[in-house]
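The values are calculated or read from the model by the stated rules, or taken from the named source; none is laboratory data. Remember, it's a predicted structure, so these values are computed and weren't measured experimentally. In this analysis, Cβ positions are derived from the backbone assuming ideal geometry, glycine residues included, and neighbour counts consider all displayed protein chains.
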Amino acid sequence: MTNAPGCRGLLLAAALALGACTGRLSEDGARLDDPNLRPANYRSEILAMLRVYLQDPTGIRDAGVSQPVLQSVGEVNRYIVCLQLNAKKGQGQYAGRKEYAAIFLRGRLDQMVEARGLCKTAEYQPFPEAETLTR
């Protein structure tokens, strides 16, 4: 076989090209470039967002969080995590319970918006970490 080294090179190049098509994989085998990668650290990402999203993130009451659910947001599907909480507005007064939707892209928190119907079927679990936030 005089062409064996050339064939091996060709096979290696083909294997590398096919590997590039699959994209990078997470530990559980999911594609990291998938826009609908299930969020793994959603609770900690939401807590970080609440620190900057809310005017006063301290003293939150009645906090609840749902599990991530893949659902339609406009014309695309995204993982949504629903939140309910009673946060302070100005001068330490509470605003009343509100619902928010945390929208994830590629497994990372992309934006947080008022729920406006996105959380109609959410099943909330206690979210005590949100009630002990500091600035």
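General observations
- Restricting attention to the range 101-116, the residues that are touching a strand residue (DSSP E or B) at 6+ places or on another chain (Cβ under 9 Å) and farther than 16 Å from SER44 by Cβ add up to 8.
- Across the range 35-54, the number of residues qualifying as farther than 12 Å from ALA130 by Cβ and within 12 Å of the chain's Cα centre (by Cα) comes to 9.
- Residue pairs whose Cβ atoms lie under 8 Å apart, sitting 6 or more positions apart in sequence or on different chains, and linking a residue in the range 63-79 that is in contact (Cβ under 8 Å) with a residue 40 or more places away in the chain and surrounded by fewer than 17 Cβ atoms within 10 Å (Cβ to Cβ) to a partner that is assigned to a loop (DSSP other than H, G, I, E, B) and among the polar types (S, T, N, Q), are ASN77/ASN36.
Let's see how each residue does on (1) in the same structural domain as ASP62 (by TED's automatic domain parsing); (2) over 17 Å from the mean Cα position of the chain (by Cα); (3) within 25 Å of ASP34 (Cβ to Cβ):
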site	(1), (2), (3)
LYS89	yes, yes, no
GLY92	yes, yes, no
ALA95	yes, yes, no
ALA101	yes, no, yes
ARG106	yes, no, yes
GLU114	yes, no, no
GLY117	yes, yes, no
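- Sub-9 Å Cβ pairs linking a first residue in the range 104-115 that is more than 11 Å from VAL73 (Cβ to Cβ) to a second residue that is of a type in the set (Ser, Thr, Tyr) and part of a loop (DSSP other than H, G, I, E, B), at least 6 apart or interchain, are GLY107/SER26, ordered by first then second residue.
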